[in-house]
Amino acid sequence: MRHELPPGPRAPRALQTAMWIVRPGAFFDWCRKRHGETFTLRLPGADAFVLVTAPADLKRVFTAPADVLHAGESNDLLRPVLGPRSILLLDEADHLRQRRLLLPPFHGERMHTYATVMRDVTEDALDRMPIGRSFSLHRELSAITLEVILRTVFGIDDDARRRPLAALLVELLEVTAAPIRMVPAFWRIDLFELLPRSRAARLKREIDATLYAEIARARRRPADASRTDVLSMMLAARDEEGRAMTDGEIRDELVTLLLAGHETTATALAWTVERTASEPRVLERIDRELVEVVGDGPLEPGHVAKLEYLDAVTKEALRARPVVPIIGRMVKKPFELGGYVLPPGVAILVHIVGTHTRADLYPEPEAFRPERFLGKKPDPYEWIPFGGGSRRCLGMAFALYEMKVVFATLRLRARFALDRPSPLDVARRGVTLAPEGGLTVRLERRMPRRSMAARANAA
Ligand code: HEM
């Protein structure tokens, strides 16, 4: 067993960091070519970073005991926004407690209760989109996924309360998404504390005040078992010792669910539109399935599980363009990996993009082939857009379901033409990778709601 680290570039840490921030994709490809599939980088935040993409290594990482590898610590740079009690930042027993409290509303079967909200929000957004004029579809998709979260997770059905909160959140996300914002976070500098009068700090205070008001309002509501929003379930949830969640915990989890679930799903949808736009064969098959399953519509919750081809399309889109490029684990106890023993203080970076572009797992990785996932379950150590193990994305079922409902609802009624042909460049937005330029499109045709006759004509 070797006690040194896998090989890696010898350039000084500052230079490696600059490369990682400025040209992450090209730098990764160069290192992989030069040093092999597992290599070591020197970046701030840990003694060294070991990058992995081999399924056998991923299996070891995702099944490691919670006290050997910490995921929460690796997400620490999100602490200023999420708050200290966020599930994303916790480890071991604290993490397990929050995960158990949050899990029930995210089970697969629960999704049916959210389907109509997802569909109606998409139909309303579609009705507002301009015809024949260019606009950013990514922005529209973000507005859809934000409204879906505010209604299904926060349970805010009232427009007058939801709109101002949505506007504040969009502004905060704009302010915090610039790559330059990542730089102070690397050194654990909290800009909200350092610059309390900044626009971002002011926005955060306003949002927190609104969230605490929503929590107080929900606590005052008489118990109502028919409510399906996640906030109501958080208020009712009890841990093994019978303890309820505090307001602070609920605030941090609400912000976490919002930040983890809103922009990610919108971006995944944007990539699904972008990847399929130049694939007439794929679009044709999606349309055929929609006619067979949904008929003269509208899309109902019972249809979603039957959209098997669309399901494979969303999985292939997440493979080809994973929204989150990388996830981290911090080594807390010596950890054996690929013939090396990694000491505490080293971080492991699971490179999702690198895994999804391995030609041994996905022949011709640049080709868009939903058939890779048709009729089979993806391997949890080869298809990892949602991470893995006990830290796997809590909202995976929610996101996959929402992607199908939103994409199907748009496709049933509308035809978009991309302003610039795919493939679009990949741009970094906060911790996600999105289509460059906001996916500008023109809406060429929009059919009225639920009208099969119009749809048949258009076809
Ligand atoms: C396509 C959309 C999404 C993608 C690509 C995505 C991706 C991810 C990834 C990569 C992780 C880290 C997993 C790991 O470290 O192993 C994660 C964690 C998480 N995601 Fe998502 N996510 C998406 C949507 C959502 C949604 C809709 C929600 C909730 C509404 C959500 C809530 C969470 C939470 C709470 C965690 C932390 C889980 C934990 O630490 O135990 N995500 N997600």
- Task: For the range 199-238, enumerate the residues that are modelled with pLDDT of 90 or more, surrounded by 12 or more Cβ atoms within 10 Å (Cβ to Cβ) and assigned to a loop (DSSP other than H, G, I, E, B).
- Result: 229, 237
- Selection within the range 212-239 - in contact (Cβ under 8 Å) with a residue 12 or more places away in the chain and acidic (Asp, Glu): 214, 229, 239
- Checked pairs for the range 421-437, first without any contact (Cβ under 8 Å) to a residue 12 or more places away in the chain, second within 16 Å of the ligand (Cβ to nearest atom) and part of a strand (DSSP E or B), C-beta under 6 Å and 6 or more apart or across chains, list as 427/434
- Query: Considering the range 241-286 alone, what residues qualify as being assigned to a helix (DSSP H, G or I), among the β-branched types (Val, Ile, Thr) and more than 14 Å from the ligand (Cβ to nearest atom)?
  - Reply: 276, 282, 286
- Note on the structure: Residue pairs qualifying under the 8 Å Cβ cut-off, at least six apart or on distinct chains, with the first in the range 372-386 being closer than 16 Å to residue 321 by Cβ and the second being part of a loop (DSSP other than H, G, I, E, B) and β-branched (Val, Ile, Thr), are 385/323; 385/324
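Restricting attention to the range 66-75, does a residue exist that is touching a Ser or Thr at 6+ places or on another chain (Cβ under 7 Å), among the charged types (D, E, K, R) and within 15 Å of the ligand (Cβ to nearest atom)?
We begin by selecting, within the range 66-75, every residue touching a Ser or Thr at 6+ places or on another chain (Cβ under 7 Å); these are 66.
Now drop any that are not among the charged types (D, E, K, R), which leaves none.
No, the range 66-75 contains no residue that is touching a Ser or Thr at 6+ places or on another chain (Cβ under 7 Å), among the charged types (D, E, K, R) and within 15 Å of the ligand (Cβ to nearest atom).
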- Item | Pairs where the first residue, in the range 316-337, is farther than 10 Å from residue 271 by Cα and part of a loop (DSSP other than H, G, I, E, B) and the second is at pLDDT 95 or above and near the ligand (Cβ under 9 Å from one of its atoms), C-beta under 6 Å, 6+ apart | 325/352
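Per-residue answers, yes or no, for (1) crowded, with 19+ Cβ neighbours inside 10 Å; (2) of a type outside the set (D, E, K, R); (3) touching a residue at least 40 places away in the same chain (Cβ under 8 Å):
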residue	(1), (2), (3)
82	yes, yes, yes
88	yes, yes, yes
93	no, yes, no
97	no, no, yes
113	no, yes, yes
- Six or more apart or on different chains, Cβ under 6 Å: which pairs go from a residue in the range 146-175 that's closer than 21 Å to residue 200 by Cα and in contact (Cβ under 8 Å) with a residue 24 or more places away in the chain to one that's in a helix (DSSP H, G or I) and of a type in the set (S, T, N, Q)? Could you list them? 165/210
- Note on the structure: Counting only residues in the range 390-443 that are away from the ligand (no atom under 14 Å from the Cβ) and in contact with a Ser or Thr (Cβ under 6 Å, 6 or more places away or on another chain), the one farthest from residue 175 (Cα to Cα) is identified as 409
- Note on the structure: Note on the range 1-28: residues at pLDDT 90 or above, of a type outside the set (A, V, I, L, M, F, W, C) and closer than 19 Å to residue 431 by Cα are 16, 17
- Within the range 76-124, residues being near the ligand (Cβ under 10 Å from one of its atoms), among the hydrophobic types (A, V, I, L, M, F, W, C) and over 19 Å from the mean Cα position of the chain (by Cα) number 1
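The values are calculated or read from the model by the stated rules, or taken from the named source; none is laboratory data. In this text, all values refer to a predicted model and were calculated from it rather than measured experimentally. When we count neighbours, we look across all protein chains shown, and the Cβ atoms used for this are built from the backbone with ideal geometry, even at glycine.
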